Amino acid sequence: MKKKNGTYLIFLCWLVYTVAQLGRYSFSANTTRIIEAFSISHADAGLPTTFYFFAYGIGNIVVGLFADRYNKRFSISASLLISVFANASVWLGVPFEYVKYIWAANGLAQAHLWPLMLLTLGQHLDTKKMPMAALVMSTASYGGTFLTYGVSSLASLLKLDFTFVFAASTFLMLAVGALWFATTKTIDEGIAISAQSAAAKKKFTAQTIVMLGMLMLFALLGNAVSGGLKQWVPSILKENFGLEDWIAIFMTVALPLISIVTAFISTGVYKLLKSFILSAALMFVVASLLIPVVIVSLDSTWIVVMILFIIVYVAMGVTINQLSVQAPLYLKDNINTGLLAGLLNGACYMGSALSTYVLGVFADDNGWAGAFNLLFMLTFIGAIIAFAYFFFGKVSSKKTNDKAE
C-alpha cells in the first residue's frame with residue numbers, strides 16, 4: 001500500500017476497530033438484561049467478559065511479540081470472522097454455560113486487531129502523520145463503545161430481545177471484514193520490517209524493561225477502573241436508583257460519548273507534560289480523590305453519581321489513551337510499534353478482566369460501596385507508584401548528567 005493512501009489507511013483501521021467494539025462489548029452492554037434473562041448473579045454475569053479480557057490481554061502480548069511475522073491482511077480478516085461466529089452463536093441461542101468459553105475465543109481473535117493495525121500505521125505513515133493517526137485511533141474505542149451501548153439502549157427501548165445486538169454485530173463485522181480483505185492486497189509489501197525490529201532490540205536495556213513494566217502496570221490499573229465502570233454502570237443505575245434498563249444503558253453511552261474529548265485532552269496533556277508517567281500519576285490522583293465522593297453519593301441522586309463517573313472515566317481514559325495509542329505511535333523509532341501496542345493494550349485488558357469479575361464479587365458480597373473501595377485502592381496505589389517512579393527517574397537522570405559533566 002502506497003504512502004499516498006495513508007489517509008484511507010487511517011480511516012480503514014479506525015473503522016475496523018470501531019465496529020469490532022460492537023462484537024466485543026455486545027455482552028457487557030446487555031449485562032443487566034442477561035442477568036434477568038438467565039437469573040444469574042453479578043459474578044456469573046461477569047465471567048464471560050472476564051474470560052474475554054484475559055484472553056484478549058494475553059493475546060495482545062503474544063501478538064505484539066510476534067507482530068512482524070503476521071500477514072496482516074489475512075490475520076485481521078480471520079480475527080473478524082471468528083468474532084462474527086462468536087456473536088452469531090449467542091444470537092442463535094447457545095446455552096449460557098458455554099458463553100464464557102465462546103467469549104474467550106472472541107477475545108483471543110480480537111487480540112490480533114490493535115497491535116497489527118498500529119504496526120500497519122507505524123510502517124506506512126510518515127512521522128509527521130503520527131499525531132493525526134493517534135488522534136483518530138484514540139476515538140475508535142470510544143466511538144465503538146458508543147455504538148454498542150447506543151444500539152443496546154435502542155433495542156431495549158423498542159422491546160427487542162437482547163440478542164438483537166449480537167445479530168447487528170455479526171453483520172456489521174462481516175461487512176467491515178470483507179472491506180478490509182478487499183482493499184488491503186498490498187498491505188505487507190515494501191516494508192523494511194527487519195530494520196525496525198533490529199533497532200527496537202538494541203533499545204531493550206534494563207532501564208527500558210523497567211519502563212515497559214511501569215507503563216504496563218499503569219495501563220492495567222487505569223483500565224481496571226475504566227473497564228469496571230463501563231461494565232457495571234448500567235447495573236448500578238438500575239439497582240441503586242431504579243432506572244429502567246434502556247435508560248441505564250443509554251446513560252452509560254455518556255461515558256464513551258463524552259470521553260471522545262479524551263483524545264484531545266490526552267494530546268494536550270502530553271504536549272504540556274512531555275511525560276506519560278507524570279500524566280498517569282496526575283490522572284490517578286484525580287480518580288482517587290473523586291471515587292470516595294462516589295461512595296458517599298451512592299444514596300443521593302443518579303445525576304450526581306453519573307457526573308462523577310464521567311470525570312473518573314475521562315481521567316482514566318487520558319492514561320489509557322496515552323499508553324495504548326500515543327506511546328506506540330510516538331515511540332515507533334525507538335520500540336517496535338506492534339510490540340509496544342500489544343504489551344500496553346494487553347495490560348489494559350488484563351486490568352479489565354480482573355476488575356470485571358472481582359467488582360461483581362464485591363458487589364454481591366459488600367454492595368457497590370465495597371466495589372468502589374477497591375477502585376479507590378487501585379487508583380491510590382497507582383498514584384503513589386507513578387510519582388515515585390517519575391521522581392526516581394528525574395534523580396537518576398540528574399546524577400547521570402552530573403557524572404557526564
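The values are calculated or read from the model by the stated rules, or taken from the named source; none is laboratory data. Model, not experiment: these values are computed from the prediction. Please note: Cβ atoms are built from the backbone with ideal geometry, for glycine as well, and neighbour counts cover all protein chains shown.
Within segment 23-42, residues that are outside any helix (DSSP H, G or I) have Cβ atoms under 7 Å from residues that are surrounded by 15 or more Cβ atoms within 10 Å (Cβ to Cβ) and not β-branched (Val, Ile, Thr) in these pairs: SER26/ASN87; SER26/PHE166; SER26/SER169; PHE27/PRO48; PHE27/TRP103; SER41/ASP364, counting only partners at least 6 apart in sequence or on another chain.
Within segment 64-85, is even one residue polar (S, T, N, Q) and out of contact with any helix residue (DSSP H, G or I) (no Cβ under 8 Å at 6 or more places or on another chain)? Yes; the residues of segment 64-85 include at least one that is polar (S, T, N, Q) and out of contact with any helix residue (DSSP H, G or I) (no Cβ under 8 Å at 6 or more places or on another chain). Among the residues of segment 185-206, those that are part of a loop (DSSP other than H, G, I, E, B) and either at pLDDT below 55 or buried (at least 19 other Cβ atoms within 10 Å of the Cβ) (or both) comprise ILE187, ALA192, LYS203.
Would you mention how many residues in segment 93-125 are outside any helix (DSSP H, G or I), over 14 Å from PRO328 (Cα atoms) and touching a residue at least 60 places away in the same chain (Cβ under 8 Å)? The total comes to 2.
Would you check if there is a residue in segment 351-364 being free of Cβ contacts under 8 Å to residues at least 24 places away in the same chain, in contact with a helix residue (DSSP H, G or I) (Cβ under 9 Å, 6 or more places away or on another chain) and part of a helix (DSSP H, G or I)? Yes - at least one qualifying residue is present in segment 351-364. With respect to GLY143, is the statement that it is touching a residue at least 24 places away in the same chain (Cβ under 8 Å), of a type in the set (Gly, Ala, Ser), over 21 Å from ALA45 (Cα atoms) and surrounded by fewer than 22 Cβ atoms within 10 Å (Cβ to Cβ) true? Here the answer is yes, as GLY143 does meet what is asked.
What residue, among those in segment 157-173 that are aliphatic (A, V, I, L, M) and surrounded by 23 or more Cβ atoms within 10 Å (Cβ to Cβ), is nearest to LEU243 (Cα to Cα)? Before the answer, list the steps.
Pass one, segment 157-173, residues aliphatic (A, V, I, L, M): 157-158, 160, 165, 167-168, 172-173.
From the residues that got through so far, the ones that are surrounded by 23 or more Cβ atoms within 10 Å (Cβ to Cβ) too are 165, 173.
Working: VAL165: 21, MET173: 31 Å.
Applying the filter and picking the extreme gives VAL165.
Selection within segment 339-368: residues that are modelled with pLDDT of 85 or more and more than 19 Å from MET316 (Cβ to Cβ). The member of this set that is surrounded by the fewest Cβ atoms within 10 Å (Cβ to Cβ) is LEU339. Looking across segment 323-338, the residues that are in a helix (DSSP H, G or I) and more than 17 Å from THR379 (Cα to Cα) come down to SER324, VAL325, GLN326, ALA327, PRO328, LEU329, TYR330, THR337, GLY338.
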